[in-house]
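Each remark here refers to the structure printed beneath this line.
The values are calculated or read from the model by the stated rules, or taken from the named source; none is laboratory data. Note that the structure is a prediction, hence the values are computed from the model and not measured. Here Cβ is always computed from backbone atoms with ideal geometry, including for glycine, and neighbour counts include all displayed protein chains. Remember, those area values only see protein heavy atoms, side chains included, never the ligands or the DNA or RNA. Shrake-Rupley method; radii C 1.70, N 1.55, O 1.52, S 1.80 Å.
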Amino acid sequence: MAHATTVQIREEKFIFSDKAKRLAFILMGAGLLLALIGYFTYHPQVEGFTDEQNHHLPIKRLLASILFNGYFFFIIATCAAVFLAISQVANAGWYVAIRRIPEAMSSFMPIGAIVVFGVVFLSLVVFHGGIYHWGHDGVMEADPLLAKKTWYLNKPFFLIRLAVFTAFWTWCATMIRKYSQNEDQIGGLTNFDKTFKLSAAFLVVFGFTFSMFAWDITMSVDAHWYSTIFTIYNFATGWVSALTVIYLITWYLRSNGYLDGIASDEHMHDLGKFMFAFSVFWTYMWTAQFLLIWYANIPEEVAYYKPRMFGSYKFFFYINIVLNFVVPFFIFMRRGAKRSRQVGVFVGTCILIGHWNDVFLMVMPGAMNLAAAVTGDNPTGIIETPSQGIGLMEIGFLGVFAGLFLYITLNALSKANLYPTKHPFLKESILHDTGV
Amino acid sequence: MSYESPIREPLVTGGKTYADVTRDILRPLENNASKSWWIGFSVSAVVLAIWIAATTWTMLEGIGAWGLNKTVGWAFDITNFVFWVGIGHAGTLISAVLLLFRQKWRMSINRSAEAMTIFAVICAASFILSHMGRPWVAYWPIPLPNAFGTLWVNFNSPLVWDVFAISTYFSVSLVFWYIGLIPDIATVRDRAEGLRKFIYNFFSMGWNGSTRTWHRYEMISLILAGISTPLVLSVHSIVSMDFATSLVPGWHTTIFPPYFVAGAIFSGFGMVLTLLVIGRVVLKQENYITMGHLDAMCRIVMLTGTMVGLAYITEFFVAAYSGVEYEQYAFINRASGPYWWSYWIMMTCNLIAPQVFWTKWARSTPWFIFLMSIIVNIGMWFERFVIIVTSLHRDFIPSSWTMYTPTITEFAILIGSFGLFFTLYFLFCKYLPTINMAEVKSIIPTHAHDEHHQEADHSTIEKGAAHG
Amino acid sequence: MMLGVYDNPDTVFSVTENLVKAGYDVHDVYTPFAVHNLDKVIGVKRTRLSIAAFCFAMTGLVSAIALQTYASYFDWQMNIGGKPSLHIPTYIPITFELSILFTAFGMVGCFFIVNRMFWGRNTDIIDLRVTDDRFVIAVNIHSKTDVKALEQTFVSGGAIEVRERAKDL
């Protein structure tokens, strides 16, 4: 109302500094080094396991570390694309000033998809199962419950649908990015309209295919177990993490003098509000799944929570709620916290660690278990491996993928203008005022 | 006033001034009731009489007046309860969630949607009372030492959670609605005389429109919206847990909470469309509830319908995937058992029919939208029927297998509950402003600077276009 | 007290800004709807109702947990379905609901108290049209106030009516 309706729209490019590049490479290099050290120094002596059983663990842990880290960053990149699509379809205006950040994040999708596909392929085909219990030779036939799942859990179908889904999402994200950059050149509304249509189609397909994707990659690690909410729960994890990464990158850019007069504290406030709201949403999904399974107390279902809640993963189970719910809920409730860089970066880091831990907790317990003969004493054919904790391999691959993600994102960010100069809602976004 | 891009459609059409808004929206309040109002009100009152008669009969006769049996001990009553609670979700959703997401088109529909919420929850509550069979002991689920002895209610029971959830939802929605009404009641007060002035003055609580008051008012509106959003989600989640905490195949599934919430939003928007497509014409509010509003609501109906459909498919799929034969049977039985028709009505109305809203024609043809909104309501009623009856009628022991047929009394209560709902709604239309005037005034472009700015913006866009 | 009556939120906004800059004692501005940022211009302190809301939420949270633990664990334990008597996960729904209930009622109650609003209150309305389509700026007159200049500012800002009001609010 103060009629600050004149805005300066100018070309602004992000320069991917050598310092930042070095940081990304150091993360990747050090991460890889740590992971290798971790792998070669990991000689587990689990009590009660034979030497041969112990011998299986290092490769399982290596594959599982790559998978859950790759999956984590892949769903962050995918959810960044979903963020673009949803904002587009909802005709949102406020986010335009920071639109290039999710666009850049989504450019990690091809690599993420290759990593996920690669590690699944290695697991299922090269290592005959690896982290997927059901992929071990003979398990599907011997286990009466799994025998009923062969129509869905079989290697060719699994790999084909994984490839098709990820390729389609990646294509959609690439096109959305391309339209946005075309818009910078020619302006007008043609690209805006095209993005709208593509986004709607993408969201519908994504809704249905992400379900299967999440069942495949993380739920089928515990092949006996199932939960109908699992997809939405996974999506909540990726979505909150993606919002957090957008928030953190925006702070990084702003503190380096970029987006001056374009993205303001108002945008931080709104992103922070989303992080707050969707942390609550995540907690809702978490509670829905946990409470119903805890309440009904059906042996087949509580088998999933038993090692996590009472077994050796206890610490990770409880810290999960602290980092993903308690921290964002109580700190981000205040208006000032969302607008403060120090507090915001602290909360953002907690959320990211929390959701990384969440994905760790989904994959690790099931992935490290050993297959055994189905007998009367052991009807599930599973020998549980106690938690091996978070070690060099998990941290190492976190470094590798974080570095890779940063490098690709920042590199993509430096390729185009830092904000879409001819987006029809740009001015609305620059003058955005949350009103509180 | 925050800046709006010129490519956005205006939310209020017809070049209305502030005084026009007041006059247009208060027209039904300040004039004698129209003939159409009297017809509608009388028909609703007659249907309400059916409800009173049928409910009274149930109280006198007991639950034996219904078609329940030993296996299906929960049917029409709980179906109707969940149906009405679901309808009651759109109001708070529109006000709260859309406020948080800054969807300004909510402003001309939130008042009537919130009213709808409150009346629908009243209808839902009436089913809780009547299905208890002994409504005079309705205070038992309240946590008092049981019958004032030493035993407490069972806090493990989702039915006790429901008591807390529904009563919290009802009272918080009422407060939210009333807070929104205060400035508008003050508007009525300042134009009225005599007894009307006295009554509206009483309820306006001395509202004076000062900036200090507005400042606090905006803060509490925002916080109420903030707390209502998880409240809406929690209420239907808890309703879903009435089923999902059990061990009954088809009921015990972890997706139930979000799936019920999506269904509630879907059916709520269906009912909002039913009311507003008619209401905007009868109350001459086409400039406030524009085709753009209907379009946006149709999109939400399509979105939530697809989400509900996704949940149906997920359930079906996971049952197949689970390898648990009881689960599998429950779902096969839904689709091809004796109640197959109800399953396919549900699928057609909820998943398939809303897909027509992909076409622009469907979203911009009022009679068709009205038809669709009825279809959505029917579909969502059948969803609850399918979940409840088809899961129950095949008990664990085949010797207990049975069928459920509702009695006339049950039908009468269901139909009569619409009478209760519409009677309240017609009274609301006559005595309270059906559109939030204060909010709508805030989104009307301020006349003075309006035109000249729009021009400036068009030129930016065109310059952009000319670049390439 | 001098009142300037306007019909446009934008002019009210700029006139109020000018008045505050010129050092007049702006009592309040009366509007039919919340004019964005006007509260900041006349220096309304940020309300602490949000803090009150948080306190009520915590009260609700503690009361709910206290009620449930007392009733189902300390006072009278019941074995239903073999569930533990101190069944923390099932406390979640009721605790959540009561927190919301306390927040809503407590905060709205505080809102009424700070605004001195209650049922049946007869308020001194500055102008009947402020709930319709008029915006009124009220400026307090002190001994040193230059009334002529004030009137001039009102009129040049586009006031459709300027009048004096004897009674203070």
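Structure notes:
- Among the residues of the stretch A:170-191, those that are hydrophobic (A, V, I, L, M, F, W, C) and open to solvent by 20 Å² or more (accessible area, probe 1.4 Å) comprise A:Trp171, A:Met175, A:Ile186, A:Leu189.
- Tally of residues being among the β-branched types (Val, Ile, Thr) and either part of a loop (DSSP other than H, G, I, E, B) or in contact with a Cys (Cβ under 9 Å, 6 or more places away or on another chain) (or both) across the stretch B:36-84: 2
- Every condition in (1) more than 9 Å from chain B (Cβ to nearest Cβ); (2) surrounded by 17 or more Cβ atoms within 10 Å (Cβ to Cβ) is met by C:Leu67 except one, and the failing one is (1).
- Leading residue by the ranking (nearest to B:Tyr217 (Cα to Cα)) among those in the stretch C:13-39 that are without any contact (Cβ under 8 Å) to a residue 24 or more places away in the chain and more than 9 Å from chain B (Cβ to nearest Cβ): C:Val20
- Here C:Gly158 meets each of (1) more than 14 Å from chain B (Cβ to nearest Cβ); (2) open to solvent by 30 Å² or more (accessible area, probe 1.4 Å) with one exception, condition (1).
- Residues in the stretch A:271-297 that are open to solvent by less than 20 Å² (accessible area, probe 1.4 Å), facing chain B (nearest Cβ under 7 Å) and over 20 Å from the mean Cα position of the chain (by Cα) were compared, and the one that is nearest to A:Trp94 (Cα to Cα) is A:Ala288.
- Checked against (1) open to solvent by less than 10 Å² (accessible area, probe 1.4 Å); (2) over 25 Å from A:Ala412 (Cα atoms); (3) not in a loop (DSSP other than H, G, I, E, B), A:Ile131 passes all but a single condition, namely (3).
- A:Phe325 being closer than 27 Å to A:Asp137 by Cα and either without any contact (Cβ under 8 Å) to a residue 12 or more places away in the chain or in a helix (DSSP H, G or I) (or both): no
- Flag: A:Ala167 matches the condition of being small (Gly, Ala, Ser), open to solvent by 20 Å² or more (accessible area, probe 1.4 Å), in contact (Cβ under 8 Å) with a residue 24 or more places away in the chain and in contact with a helix residue (DSSP H, G or I) (Cβ under 8 Å, 6 or more places away or on another chain).
- Scanning the stretch B:74-92 finds one or more residues that are more than 21 Å from the chain's Cα centre (by Cα), in contact (Cβ under 8 Å) with a residue 12 or more places away in the chain and surrounded by fewer than 20 Cβ atoms within 10 Å (Cβ to Cβ).
- Residue match in the stretch C:108-130 (condition: open to solvent by 10 Å² or more (accessible area, probe 1.4 Å), within 30 Å of B:Ser237 (Cβ to Cβ) and more than 7 Å from chain B (Cβ to nearest Cβ)): yes
- Tallying residues that are under 23 Å from A:Phe83 (Cα atoms) and away from every other protein chain (no Cβ under 11 Å) within the stretch A:217-231 yields 2.
- Single match in B:Trp152, B:Trp177 (criterion: touching an Asp or Glu at 6+ places or on another chain (Cβ under 8 Å), modelled with pLDDT under 90 and open to solvent by 10 Å² or more (accessible area, probe 1.4 Å)): B:Trp152
- The single condition from (1) surrounded by fewer than 18 Cβ atoms within 10 Å (Cβ to Cβ); (2) in a helix (DSSP H, G or I) that A:Ile15 fails is (2).
- Among the residues making up the stretch C:1-12, those that are more than 18 Å from B:Thr213 (Cα to Cα) and either in contact (Cβ under 8 Å) with a residue 12 or more places away in the chain or in a strand (DSSP E or B) (or both) are C:Met1, C:Met2, C:Leu3, C:Gly4, C:Val5, C:Tyr6, C:Asp7, C:Asn8, C:Thr11.
- No other residue among B:Phe357, B:Phe370, B:Phe421, B:Phe411 is within 30 Å of B:Leu294 (Cβ to Cβ), open to solvent by 20 Å² or more (accessible area, probe 1.4 Å) and modelled with pLDDT of 90 or more apart from B:Phe370.
- Looking only at residues of the stretch B:218-254 that are facing another protein chain (nearest Cβ under 7 Å) and within 30 Å of C:Ile125 (Cβ to Cβ), we find that the one that is most open to solvent (accessible area, probe 1.4 Å) is B:Glu218.
- Considering (1) within 8 Å of chain C (Cβ to nearest Cβ); (2) hydroxyl-bearing (Ser, Thr, Tyr); (3) open to solvent by 50 Å² or more (accessible area, probe 1.4 Å), the lone condition that B:Ser210 does not fulfil carries the number (3).
- Some residue of the stretch B:97-104 being in a loop (DSSP other than H, G, I, E, B) and within 14 Å of chain C (Cβ to nearest Cβ): yes
- The single condition among (1) within 8 Å of chain B (Cβ to nearest Cβ); (2) closer than 30 Å to C:Asp146 by Cβ that C:Ser50 does not meet is (2).
- Test: residue in the stretch A:362-370 that is within 14 Å of another protein chain (Cβ to nearest Cβ), open to solvent by less than 50 Å² (accessible area, probe 1.4 Å) and either in contact with a Cys (Cβ under 8 Å, 6 or more places away or on another chain) or touching a residue at least 24 places away in the same chain (Cβ under 8 Å) (or both): no
- For the stretch A:407-420, the count of residues that are open to solvent by 20 Å² or more (accessible area, probe 1.4 Å), touching a helix residue (DSSP H, G or I) at 6+ places or on another chain (Cβ under 9 Å) and among the aliphatic types (A, V, I, L, M) is nonzero.
- The stretch B:309-342, residues that are more than 8 Å from chain A (Cβ to nearest Cβ) and assigned to a loop (DSSP other than H, G, I, E, B): B:Gly337, B:Pro338, B:Tyr339
- Any pair with Cβ under 6 angstrom, 6 or more apart, that starts in the stretch A:1-19 at a residue that is at pLDDT 75 or above and ends at one that is outside any loop (DSSP other than H, G, I, E, B): A:Glu11/A:Asn417; A:Phe14/A:Leu413; A:Phe14/A:Ser414; A:Phe16/A:Leu410; A:Phe16/A:Asn411; A:Phe16/A:Ser414
- Answer from C:Leu67, C:Leu38 - the residue that is in the same structural domain as C:Thr145 (by TED's automatic domain parsing) and within 30 Å of B:Ser173 (Cβ to Cβ): C:Leu38
- With respect to the conditions (1) closer than 30 Å to C:Asn8 by Cα; (2) in contact (Cβ under 8 Å) with a residue 12 or more places away in the chain, C:Lys144 falls short on a single one, namely (2).
- Residue match in the stretch B:193-205 (condition: modelled with pLDDT of 90 or more, at the interface with chain C (Cβ under 8 Å from one of its Cβ atoms), within 19 Å of C:Cys110 (Cβ to Cβ) and not in a helix (DSSP H, G or I)): yes
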